[in-house]
Amino acid sequence: MRTRHLAVVLLEVLWFLLTPPLGKDGRINTAAPLAHWHRSLAFSVEGSCADELQSEIGRAARNPATTPSSLALLKASICIAGDDPRLGGAASKPPY
C-alpha cells in the first residue's frame with residue numbers, strides 16, 4: 001500500500017522550478033540542455049511554481065546581501081512541466 005501511495009504522490013508533481021547551470025567560465029548557461037539544469041522545487045500546478053519563482057526573485061531583490069549574480073540566476077530560472085521531453089528522463093529523479 002505504501003508503494004502505491006508514493007506513486008500517486010509522484011504523479012501529482014507536474015512542475016519543476018529549474019535553475020540554469022553555470023558554464024566553465026562561471027556565467028549562467030541558459031543554453032544548456034534542460035536535463036542539466038538544477039531542480040530547486042517541485043509543484044503540482046504551474047501557477048504555484050510561477051508564484052514561488054516571482055516571490056523568490058522579489059525576496060532576493062529586497063535583500064541587500066543578494067549578489068547581482070545570484071539575482072541573475074533566479075531571474076534566469078524557469079518553471080517546466082515534469083513530462084517535458086527536453087528534461088531527457090531527468091523528471092524521474094527526485095528534486096533537490
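No lab work stands behind these numbers, since they all come straight from the coordinates. Values in this document were obtained by computation on a predicted structure and should not be read as measured data. Every residue, glycine among them, receives a Cβ derived from its backbone with ideal geometry; neighbour counts consider all protein chains shown.
Overall form of the stretch 2-85: oblate. Here a/c, set by the Cα gyration tensor axes a ≥ b ≥ c, is 1.5 or more, and a/b is not larger than b/c. Here the calculated FRET efficiency for A31 and L71, from their Cβ-Cβ distance with R0 = 22 Å, stands at 0.65, rounded to the nearest 0.05. Fully extending the segment from R59 to A81 would add 5.5 nm, taking 0.36 nm per residue of separation and subtracting the current Cα-Cα distance. Kindly state, to the nearest 0.05, the FRET efficiency for V45 paired with L22, given R0 = 41 Å and r defined as their beta-carbon distance. Once rounded, the FRET efficiency stands at 0.90.
In this Cβ point-charge picture (+1 for Lys and Arg, -1 for Asp and Glu), the stretch 2-85 has a dipole of about 300 debye about its Cα centre.
Count charges around C79 for me, please; just the other residues with Cβ under 10 Å from its Cβ, Lys/Arg as +1, Asp/Glu as -1. Net of charged neighbours comes to -3.
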